[in-house]
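Below is one structure, written out as structure tokens; comments come after it.
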Amino acid sequence: MRLIIVSNRLPVVVSKENETYSLTKSAGGLVSGLSDYLRALQKSSSSITDFLWMGWPGMSIAQEDENLIRKKIKKVFKAAPVFF
């Protein structure tokens, strides 16, 4: 079974400096609490075997960079950005 988490923000903060994007884990309370829960799920015999976190990446991303950001966030954070 797959757990899908939908929130207004992703568990990652995207920033851009000198034309380079960087990803940093968010320090929010929801992220901290759910991250601990998701780690515990992976170590248990739960029927939830996978998860995906969906939300806004925290900044506007140029359309030509959306696929790059989407791939990076999915690989590192198991999350899917929703672009506006």
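Roughly how many whole Å is it from the C-alpha centroid of the stretch 56-70 to that of the stretch 10-34?
13 Å
If I build a Gaussian network model for the chain, linking alpha-carbon pairs within less than 10 angstrom, which residue out of Ser32, Ser45, Ser22 has the largest mean-square fluctuation?
Top of the fluctuation ranking is Ser45.
Which of the three applies to the stretch 4-47, rounded, prolate or oblate, going by the alpha-carbon gyration tensor with a ≥ b ≥ c and a/c under 1.5 meaning rounded? Let's see the in-between values first.
Working: a/c = 2.87, a/b = 2.41, b/c = 1.19.
Prolate, since a/c reaches 1.5 and a/b exceeds b/c.
Among Ser45, Leu34, Phe84, flag the residue with its Cα farthest along the positive direction of the charge dipole of the chain, charges on Cβ as +1 for Lys/Arg and -1 for Asp/Glu.
Ser45
How much of the DSSP beta bridge set in the chain is antiparallel, as a percent to the nearest 5? Spell out each step's value before the answer.
Numbers: 6 of 15 bridges.
About 40 percent, rounded to the nearest 5.
For Ser46 and Glu17, compute 0.36 nm times the residue count separating them, minus their Cα-Cα distance, and round to one decimal in nm.
Result for the pair: 6.4 nm of gain on full extension.
Counting only the backbone N, which residues of the stretch 18-32 are under 18 Å from the spot 7 Å out from the Cα of Ala62 toward its beta-carbon?
Taking a point 7 Å out along Cα→Cβ of Ala62, the residues of the stretch 18-32 whose backbone N falls under 18 Å are 18-23.
Mind pulling the angle between the C-alpha long axis of helix 66-77 and the longest principal axis of the chain? Nearest 10 degrees, somewhere in 0 to 90.
30 degrees
Which log10 I(q)/I(0) values does the chain give at q = 0.18, 0.23 Å⁻¹ under the Debye formula, counting every alpha carbon as one identical point scatterer?
Rounded to two decimals, the profile gives -0.75, -1.12.
Can you give the relative contact order of the chain as a percent, counting alpha carbon pairs under 8 Å and 6+ residues apart?
Working: 114 pairs, mean separation 33.6, N = 84.
Relative contact order for the chain comes out at 40 percent.
When the solvent-accessible surface of protein heavy atoms is calculated with a 1.4 angstrom probe, in what order do Tyr37, Tyr21 fall, highest first?
Numbers: Tyr37 110, Tyr21 25 Å².
Greatest to least solvent exposure: Tyr37, Tyr21.
At a 1.4 Å probe, what is the % contribution of carbon and sulfur to the accessible area of the stretch 6-84?
Numbers: 2800 of 5190 Å².
Carbon and sulfur atoms account for 54 percent of the accessible area of the stretch 6-84.
What does the accessible area per residue of the stretch 1-56 come to in Å², with a 1.4 Å probe and no ligands, DNA or RNA counted?
Values: 3660 Å² over 56 residues.
Solvent-accessible surface per residue comes out at 65 Å².
Of Ser47, Ser7, which has the most accessible area with a 1.4 Å probe, and how do the rest follow in descending order?
Working: Ser47 75, Ser7 25 Å².
From most accessible down to least: Ser47, Ser7.
The values are calculated or read from the model by the stated rules, or taken from the named source; none is laboratory data. This is a predicted model, so every value here is computed, not measured. A quick note on method: Cβ atoms are made from the backbone with ideal geometry, for glycine too, and the neighbour counts reach across all protein chains shown. Only protein heavy atoms, including side chains, enter the accessible area calculation; ligands, DNA and RNA are left aside. Shrake-Rupley method; radii C 1.70, N 1.55, O 1.52, S 1.80 Å.
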